[in-house]
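Structure first, then comments.
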């Protein structure tokens, strides 16, 4: 589905790249870009003809507004009154990761989040965003987050807190990668088992369907966990006291 050679749906394009570029093109990144393009197109379609009155709004606009309201409520619960300010970031993380998680269900595609390089990029982005918002909201007082209390233990606290901060993107990326890689691997195994059973009994046995439902649920949970942890890190970074 997503390991080894490029999938058939992209082979036509990848084979026509200049030879010098082929070693630099990662199939997981290509799938991640496809997910990005899909979300951009959906967002554009939903906002082309915005309607103030609900009865005139398109179903896509209503769906997007519903998702936005849920994300705003989620951000407010996680961060507090400032939560809505971070909906663009948190909403992008959730929708983007959830979309990539589900791409493994599409024949010929694979989940970009089953590649550590993709999840590492997401983890680093979340880490940089947390540091940015920490300095933006608290200025140089944010440095005191690393000093800790009491101040005289700063020589010990600073290295400990720096290691803790650096461990966050590692934890985010490895957790997401491990879960999605495991889910997609199990889905592939069930698919192969279903094919084997079907060839033996001559009756279609879609053993992968229950696993597909689990992959959808798991993909949602993993996107939510990544987003929730990022929101918790932001809440800690912008808090006046720790």
Quiz item: Under a point spin-label approximation (7 Å from Cα along Cα-to-Cβ), what is the residue 146-residue 160 distance to one decimal in nm?
Solution: 1.6 nm
Quiz item: So what is log10(I(q)/I(0)) for segment 102-161 at q = 0.14 1/Å, when the Debye sum runs over its Cα atoms only?
Solution: -0.60
Quiz prompt | Neighbour-count order for 185, 47, 227, fewest beta carbons within 10 angstrom listed first | solution = 47, 185, 227
Quiz item: When the Debye formula is applied to the Cα atoms of segment 8-238, each taken as the same point scatterer, what base-10 log of I(q)/I(0) results at q = 0.09, 0.10, 0.17 Å⁻¹?
Solution: -0.51, -0.62, -1.26
Quiz prompt | Spin-label pair residue 135/residue 37, simplified geometry with 7 Å Cα→Cβ offset, distance in nm | solution = 3.5 nm
Quiz item: Using the alpha-carbon centroid of each, what span in Å lies between segment 157-195 and segment 37-115?
Solution: 23 Å
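Where a number appears in this text, it was derived from the coordinates with a stated rule and is not lab data. The shown structure was predicted, so the numbers you read here are calculated from the model rather than taken from an experiment. FYI the Cβ positions are ideal-geometry reconstructions off the backbone, even for glycines, and counts take in every protein chain you see.
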